[in-house]
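Take a look at the structure below.
The values are calculated or read from the model by the stated rules, or taken from the named source; none is laboratory data. This one's a predicted model, so the numbers in the text were calculated from it and none came from an experiment. Here the Cβ is made from the backbone with ideal geometry for all residues, glycine too, and neighbour counts use every protein chain on show.
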Amino acid sequence: MKKIAFILILLLSGNAFADENFYTRFDAAYTDGVEDGVKDGFSWQTGFGWKWFGALRTEMTFGYARNDLGKTLGGETLHGRVSSKAVFANAAWDMFSVCGATPYVMAGIGVSKNKIQKTRVGTVVVPKKRRTAYPWQTGGGIGFSLPKRLTLDIGYVYTNLGRFDWGDLPDKDVRLQRFSVGLRYDF
């Protein structure tokens, strides 16, 4: 992950992409677990992208998500926390634009490092574990044009972060709903 972050910094610091089709992005999100046992949390992501033919965008993002565990899992009381660092390759289609508002749909695939903190499920203690997974996501939102080449991005993304290692319990995917607000800057 450190190598990927280093490459992103190099790409963003150079003038090679100083073009009107190149953009960077950052957003923060409230996340909510889809399945039993995963509670709400937060996430953020940053990245860069390229606009093709005006309506199609491709982008690379690096993000972090953290959610608490609670309630029950299989009838047992659950306490703990899960987190994930992920790199995604996304594609987005800007459908149309009306008065500076542009709705879009997007989808992406990636690779993640998923971690479960020391967790307790009933009387079973799950030790801290890490696992590499292959997540995917899909969603949509609206971009609002702002002055100074900025776009306010409000979106919803359904994300499957991939498998988490639950020790002696069956492994399971962690699926989240992300409700995000962020900015895009066009060069």
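Do we have VAL82 as in contact with a helix residue (DSSP H, G or I) (Cβ under 9 Å, 6 or more places away or on another chain) and either of a type in the set (A, V, I, L, M) or under 22 Å from TRP50 (Cα atoms) (or both) here?
Values: in contact with a helix residue (DSSP H, G or I) (Cβ under 9 Å, 6 or more places away or on another chain): no; either of a type in the set (A, V, I, L, M) or under 22 Å from TRP50 (Cα atoms) (or both): yes.
When the stated conditions are applied, VAL82 does not pass them.
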**Request:** Would you please name the residue that is farthest from LYS172 (Cα to Cα), looking only at residues in the stretch 40-55 that are out of contact with any helix residue (DSSP H, G or I) (no Cβ under 7 Å at 6 or more places or on another chain) and surrounded by 15 or more Cβ atoms within 10 Å (Cβ to Cβ)?
**Result:** LYS51
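Yes/no per residue for (1) crowded, with 19+ Cβ neighbours inside 10 Å; (2) touching a residue at least 24 places away in the same chain (Cβ under 8 Å); (3) within 16 Å of the chain's Cα centre (by Cα); (4) part of a strand (DSSP E or B):
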site: ARG120; (1), (2), (3), (4): no, yes, no, yes
site: ARG131; (1), (2), (3), (4): no, yes, no, yes
site: GLN137; (1), (2), (3), (4): yes, yes, yes, yes
site: GLY140; (1), (2), (3), (4): no, yes, yes, yes
site: ILE154; (1), (2), (3), (4): no, yes, yes, yes
site: THR159; (1), (2), (3), (4): yes, yes, yes, yes
site: ARG175; (1), (2), (3), (4): no, yes, yes, yes
site: GLY182; (1), (2), (3), (4): yes, yes, yes, yes
**Prompt:** In the stretch 70-117, which residue that is among the β-branched types (Val, Ile, Thr) and at pLDDT below 95 is nearest to ASP36 (Cα to Cα)?
**Reply:** THR72
**Prompt:** Given (1) hydrophobic (A, V, I, L, M, F, W, C); (2) at pLDDT 95 or above; (3) over 17 Å from the mean Cα position of the chain (by Cα), where does VAL124 come up short, assuming only one miss?
**Reply:** (2)
**Complete:** Counted residues in the stretch 139-187 being of a type in the set (S, T, N, Q) and closer than 18 Å to TRP50 by Cα come to 2
**Asked** Does LYS148 satisfy the criteria of being among the charged types (D, E, K, R), part of a loop (DSSP other than H, G, I, E, B) and surrounded by fewer than 18 Cβ atoms within 10 Å (Cβ to Cβ)?
**Response** yes
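Looking at VAL87, VAL34, which is the one that is more than 20 Å from LYS128 (Cβ to Cβ), in contact (Cβ under 8 Å) with a residue 60 or more places away in the chain, touching a Phe, Trp or Tyr at 6+ places or on another chain (Cβ under 6 Å) and of a type in the set (A, V, I, L, M)? Give the derivation first.
Details: VAL34 fails: touching a Phe, Trp or Tyr at 6+ places or on another chain (Cβ under 6 Å).
Of the residues listed, the single one that is more than 20 Å from LYS128 (Cβ to Cβ), in contact (Cβ under 8 Å) with a residue 60 or more places away in the chain, touching a Phe, Trp or Tyr at 6+ places or on another chain (Cβ under 6 Å) and of a type in the set (A, V, I, L, M) is VAL87.
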**Complete:** Scanning the stretch 35-69 for residues that are at pLDDT 90 or above and among the small types (Gly, Ala, Ser), the one farthest from PHE22 (Cα to Cα) turns out to be GLY41
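The rows are residues; the columns are (1) farther than 17 Å from THR159 by Cβ; (2) surrounded by 14 or more Cβ atoms within 10 Å (Cβ to Cβ); (3) within 11 Å of the chain's Cα centre (by Cα).
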residue: ALA29; (1), (2), (3): no, yes, yes
residue: GLY33; (1), (2), (3): no, yes, no
residue: GLY37; (1), (2), (3): no, yes, no
residue: ARG57; (1), (2), (3): yes, yes, no
residue: ASN67; (1), (2), (3): no, yes, no
residue: ALA86; (1), (2), (3): no, yes, yes
residue: ALA91; (1), (2), (3): no, yes, no
residue: VAL98; (1), (2), (3): yes, no, no
residue: ALA101; (1), (2), (3): yes, no, no
